């Protein structure tokens, strides 16, 4: 029987940046017991999570392969937050990222309908979900943490939610 699964499309940074972001996530987990971000590799979401039937997966792969992805560089402006819910590494918007988001949103629009008035706000999550109770301690600790100044985005991946974790289903370099 075909059943819906949860998916999302993201880009992944180079290994050095991935390690730097993962280190921040691990520190968040160790010091504040905010560990949910460790369930995926550090990533920047391009198409937010959507539900679709597993039989649709070949269509996702085709849509992914048709996107004109080329590795690109982007600047990082430090650590930021969404209220008391999320602490993240803040990349600066750049043309390659904006273009990729626009093209991917169109390519995946039959599965993920864009939310009205929801602005694309790229970020690499350090801590979320279980952050609010410890936010007053965590935010001062992380807000001045050093981050890479410039990173390279090296691949685009489609994640699938399996056994309470996100796993790479398809990737392109």
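The values are calculated or read from the model by the stated rules, or taken from the named source; none is laboratory data. None of these values were measured; they are calculated from a predicted model. No Cβ is skipped: glycine too gets one built from the backbone with ideal geometry, and neighbour counts run over all protein chains shown.
Structure summary
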read-out: Residue under evaluation residue 13, criteria (1) more than 15 Å from the chain's Cα centre (by Cα); (2) modelled with pLDDT of 95 or more, criterion not met; value: (1)
read-out: Failed item, numbered, when residue 32 is tested on (1) touching a strand residue (DSSP E or B) at 6+ places or on another chain (Cβ under 9 Å); (2) within 20 Å of residue 152 (Cα to Cα); value: (2)
read-out: Residue ranges of strands (runs of 3 or more DSSP E) in region 71-132 with at least 2 members loosely packed, with under 14 Cβ neighbours inside 10 Å and touching a residue at least 24 places away in the same chain (Cβ under 8 Å); value: 72-82
read-out: Total residues in region 1-49, condition crowded, with 17+ Cβ neighbours inside 10 Å and assigned to a strand (DSSP E or B); value: 11
read-out: Number of the condition not met by residue 63 [criteria: (1) at pLDDT below 95; (2) under 20 Å from residue 39 (Cβ atoms); (3) part of a helix (DSSP H, G or I)]; value: (2)
read-out: Selection from region 137-166 of residues that are loosely packed, with under 13 Cβ neighbours inside 10 Å and either in a strand (DSSP E or B) or touching a residue at least 12 places away in the same chain (Cβ under 8 Å) (or both); value: 137, 143, 144, 149, 150, 162, 164, 165
read-out: Test: residue 58 is modelled with pLDDT under 95, more than 18 Å from the chain's Cα centre (by Cα) and either part of a helix (DSSP H, G or I) or within 24 Å of residue 149 (Cα to Cα) (or both); value: yes
read-out: From the options 13, 68, residue that is touching a residue at least 24 places away in the same chain (Cβ under 8 Å) and touching a strand residue (DSSP E or B) at 6+ places or on another chain (Cβ under 7 Å); value: 13
